[in-house]
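**Q** Handing you a structure now.
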Amino acid sequence: MKNRNLFIYLFIYLFITSCETSNIPEALSNTTWQFIKDKNNEKIRPCEKSLLSFRIKNDSLYFYRMSDEIEKIKSVTETKSGYIISFENFIANAEYRLRWIDKGKRIILWEYYNLDDNEVNSDFSFYTIDYKNYNSLPKEECINSEIEDPISHMGLNDQWKVRCEGLGKIQIKDKEVFIEVNSNQIYIDATLGKVNDSIYNIYLNKPNDLGAGGMRLDWGSFSKDSLIGKINYNIESDIMNFNWLGFYNTETHQRDWVENSDFQLQSEQLKDIKLIRCDE
């Protein structure tokens, strides 16, 4: 009977332990993350390897500096662009929000988020790279190289629509954008310009494919320097607020095709159109 009770207690202990640690994603677990730069620092210096590194093991985050520091992880929540980590004994009402900068190179931006102020504290935010990938950083440019900050780290790389089964779409891949302005009529290639971590401008590059109606537009006079659209992305809700502005005509000094996009027709509104992420 004693052996049986011991077995039951051991089983319960192992079950509880496994539950406590099962919320750590495999992509983060048992990996050493090497510090490469502060968020406010414009340069990475891979030739000057930092003493600071991080490792998530079981249910704890280990900080390796001159001596080890350990923070107990309370929970890990996966988001579209990365993860949110909260801690049991961390500074009250604060968490780290991890964003993939480059999944291939396994570069992550750790953002210290103060829940009381509802904002990121850049002084405690930093970039890391998987220790195994550290040597992949460009040594020949180790003094002047900058981390590319592709738009993908915001989780924008995808297809966006008013309704997934509806017409009109924005397809984003880093700074390259394909827009179905009107189905079977106007398809364009565009460029995404980052204003900040939430707001992005869209600029015309060139028409991609045109129907009869699209061919009647004066493409040779449309500006590539003036906005044709604006995005405001909310990472928490994973919803894109989109404004279609139309094509700025440098000859007439007016905008063309301002109220005719499928986005406006599908949403039945002219601005502040909510777009959702859709599978291709």
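**Q** Would you say ASP209 is open to solvent by 40 Å² or more (accessible area, probe 1.4 Å), closer than 21 Å to GLN266 by Cβ, among the charged types (D, E, K, R) and not in a helix (DSSP H, G or I)?
**A** yes
**Q** Then there's this: Take ASN243 and tell me if it is assigned to a strand (DSSP E or B) and surrounded by 13 or more Cβ atoms within 10 Å (Cβ to Cβ).
**A** So ASN243 fits the description; yes.
**Q** Which one of the conditions (1) under 14 Å from VAL181 (Cβ atoms); (2) within 33 Å of the chain's Cα centre (by Cα) does SER237 fail to meet, given that it meets all the rest?
**A** Going through (1) under 14 Å from VAL181 (Cβ atoms); (2) within 33 Å of the chain's Cα centre (by Cα) one by one, SER237 breaks only (1).
**Q** State whether one or more residues within the stretch 144-160 are modelled with pLDDT of 75 or more, assigned to a strand (DSSP E or B) and open to solvent by 10 Å² or more (accessible area, probe 1.4 Å).
**A** Checking the stretch 144-160: at least one residue is modelled with pLDDT of 75 or more, assigned to a strand (DSSP E or B) and open to solvent by 10 Å² or more (accessible area, probe 1.4 Å).
**Q** Among residues belonging to the stretch 99-130 that are assigned to a strand (DSSP E or B) and acidic (Asp, Glu), point out the one that is farthest from GLU236 (Cα to Cα).
**A** ASP130
**Q** Quick check on the stretch 31-45: of everything there that is open to solvent by 40 Å² or more (accessible area, probe 1.4 Å) and part of a loop (DSSP other than H, G, I, E, B), which residue is modelled with the lowest pLDDT?
**A** If we take residues in the stretch 31-45 being open to solvent by 40 Å² or more (accessible area, probe 1.4 Å) and part of a loop (DSSP other than H, G, I, E, B), then ARG45 is modelled with the lowest pLDDT.
**Q** With the requirement that a residue be modelled with pLDDT under 75 and either part of a loop (DSSP other than H, G, I, E, B) or open to solvent by 30 Å² or more (accessible area, probe 1.4 Å) (or both), what does the stretch 46-66 give you?
**A** Matches in the stretch 46-66: PRO46, CYS47, GLU48, LYS49, SER50, LEU51, LEU52, TYR64, ARG65, MET66.
**Q** Related question: When residues of the stretch 95-127 are filtered for being touching a residue at least 40 places away in the same chain (Cβ under 8 Å), farther than 21 Å from THR31 by Cα and either open to solvent by 50 Å² or more (accessible area, probe 1.4 Å) or touching a helix residue (DSSP H, G or I) at 6+ places or on another chain (Cβ under 8 Å) (or both), how many remain?
**A** Residues in the stretch 95-127 being touching a residue at least 40 places away in the same chain (Cβ under 8 Å), farther than 21 Å from THR31 by Cα and either open to solvent by 50 Å² or more (accessible area, probe 1.4 Å) or touching a helix residue (DSSP H, G or I) at 6+ places or on another chain (Cβ under 8 Å) (or both): 1 in total.
**Q** Looking only at residues that are touching a helix residue (DSSP H, G or I) at 6+ places or on another chain (Cβ under 9 Å) and aromatic (Phe, Trp, Tyr) in the stretch 192-236, which one is farthest from THR79 (Cα to Cα)?
**A** Once the filter is applied, the top-ranked residue is TYR200.
**Q** Mind telling me which of the residues ILE202, ILE228, ILE276 ends up being open to solvent by 60 Å² or more (accessible area, probe 1.4 Å), assigned to a strand (DSSP E or B) and either under 14 Å from ILE179 (Cβ atoms) or touching a strand residue (DSSP E or B) at 6+ places or on another chain (Cβ under 7 Å) (or both)?
**A** ILE276
**Q** Which one is surrounded by the most Cβ atoms within 10 Å (Cβ to Cβ), of the residues in the stretch 246-266 that are among the polar types (S, T, N, Q) and within 14 Å of VAL181 (Cβ to Cβ)?
**A** Here the answer is SER261.
**Q** Give the number of residues within the stretch 80-94 that are part of a strand (DSSP E or B) and open to solvent by 20 Å² or more (accessible area, probe 1.4 Å).
**A** Total satisfying the criteria: 2.
**Q** Does TYR187 fit the bill of being of a type outside the set (A, V, I, L, M), open to solvent by less than 70 Å² (accessible area, probe 1.4 Å), touching a residue at least 40 places away in the same chain (Cβ under 8 Å) and not in a helix (DSSP H, G or I)?
**A** no
The values are calculated or read from the model by the stated rules, or taken from the named source; none is laboratory data. Bear in mind that the values here come from a model prediction, so they are computed numbers and not experimental data. Backbone-built Cβ (ideal geometry, glycine too); neighbour counts: all protein chains shown. Note: areas computed on protein heavy atoms with side chains; ligands, DNA, RNA excluded. Shrake-Rupley method; radii C 1.70, N 1.55, O 1.52, S 1.80 Å.
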